[in-house]
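The values are calculated or read from the model by the stated rules, or taken from the named source; none is laboratory data. All figures in this text were calculated on a predicted structure; none of them were measured in a lab. In this analysis, Cβ positions are derived from the backbone assuming ideal geometry, glycine residues included, and neighbour counts consider all displayed protein chains. We work out accessible area using only protein heavy atoms, side chains counted, and drop any ligands, DNA or RNA first. Shrake-Rupley method; radii C 1.70, N 1.55, O 1.52, S 1.80 Å.
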Amino acid sequence: MIQLHYWPTPNGHKITLFLEESGIPYQVIPVNIGKGDQFKPEFLKISPNNRMPAIVDTDPLDGGEPLGIFESGAILQYLAEKTGKFLPATLRDRFVVLEWLFWQVGGLGPMAGQNHHFGRYAPDKISYAIDRYVNETRRLYGVLDHRLEGRHFIAGDDYTIADMAAYPWIVPHQAQGMELEQFSNLKRWFDHIHGREATRRAYAVGDSIKDQVDITKDEEARKLLFGQGAPKH
Ligand SMILES: N[C@@H](CCC(=O)N[C@@H](CS)C(=O)NCC(=O)O)C(=O)O
């Protein structure tokens, strides 16, 4: 059984996308990041960076003790290796997927995340920061759009963990100041993934646990999320 420590944000949706596509059994353990669940000692044992998602596989392939994994890219790779799905076995094809997976976790995710922060959450609207991250988000959309020219999916004909990592960060495109109509290949890819039955189920998992905390207004949630210093040991 996969225990998924989860909250419905783009990084959380990546993992429910995989789990719903692959059909392996899982149990959701909500980590309400607006209420501070990510700082609970039990969670920090699995995810020392106080970020979700994280998983515990109670039945790992090596037959050993339950295995905890944090970082969405590592989780996707682990689940793909465990199930033999959504990551090709051959060397060259496999590394195409891993390149784009790392591109997402090191580029699209952090840049779009800062776009959200300075555009939506920062109390002061700093135009230099907003422009910087909107421009960088646009550049990355352009890179992905170019990559998708003549390809169904990021790695080619098959849907892979690279697509599952990127899609949730394109979902909030309007809030990021992007118009999908300007990126025709990306829009075609987006519409396809949006229409998949497993995508609908993955996002329904989030809808079922999401509460109404609005972090643009909830001062406690803002302090928890945006006022963090170095952790005490
Ligand atoms: N690099 C991490 C990022 C995870 C991440 O930033 N998670 C956010 C929600 S999207 C979180 O848990 N935030 C809690 C906090 O900021 O304390 C990954 O890809 O898993």
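Counting only Cα atoms, the size of the chain along its three principal axes is 48, 46, 31 Å, in decreasing order.
So what is the calculated 222 nm ellipticity per residue for the chain, using -39500 (n - 2.57) for each DSSP H run with n of 4 or more, over all residues, to the nearest 500 deg cm²/dmol?
The helix contribution divided over the chain gives -15000 deg cm²/dmol.
Size descriptors for region 1-136: radius of gyration and Dmax over Cα atoms are 16.7, 53 Å. The per residue volume of the convex hull around the alpha-carbon atoms of region 24-72 is 87 Å³. Work out, in µm²/s and without decimals, the Stokes-Einstein translational diffusion coefficient of region 74-120 at 10 °C, 1.306 mPa s, Rh from Kirkwood over C-alpha pairs. Estimated diffusion coefficient is 133 µm²/s. Residues in region 2-18 carry Karplus couplings, in order, of 9, 9, 9, 8, 8, 9, x, 10, x, 5, x, 4, 3, 7, 5, 4, 4 Hz; the curve used is 6.51 cos²θ - 1.76 cosθ + 1.60 with θ = phi - 60°, and Gly or Pro positions show x.
With r as the distance between the Cβ atoms of Ala175 and Leu67 and R0 = 25 Å, compute the FRET efficiency 1/(1 + (r/R0)^6) and round to 0.05.
Once the sixth-power term is evaluated, E becomes 0.10.
Measuring with a 1.4 angstrom probe and ignoring ligands and nucleic acids, Ser208 comes out at about 90 Å² accessible.
Ignoring the sites themselves, the chain has its longest run without GluC sites (Glu not before Pro) in a DSSP loop having at most 16 other Cβ atoms within 10 Å at 72-148. Pairwise Cα distances in region 138-215 exceed 14 Å in 65 percent of cases. The solvent-accessible area of Lys35, taken with every protein chain present and a 1.4 Å probe, is close to 130 Å². In summary, the convex hull built on the alpha carbon positions of region 91-194 has an orientation-averaged projected area of 6.2 nm². When all protein chains stay in place and ligands, DNA and RNA are ignored, the 1.4 Å accessible-area order of Arg196, Arg92, Arg222, largest first, is Arg92, Arg196, Arg222.
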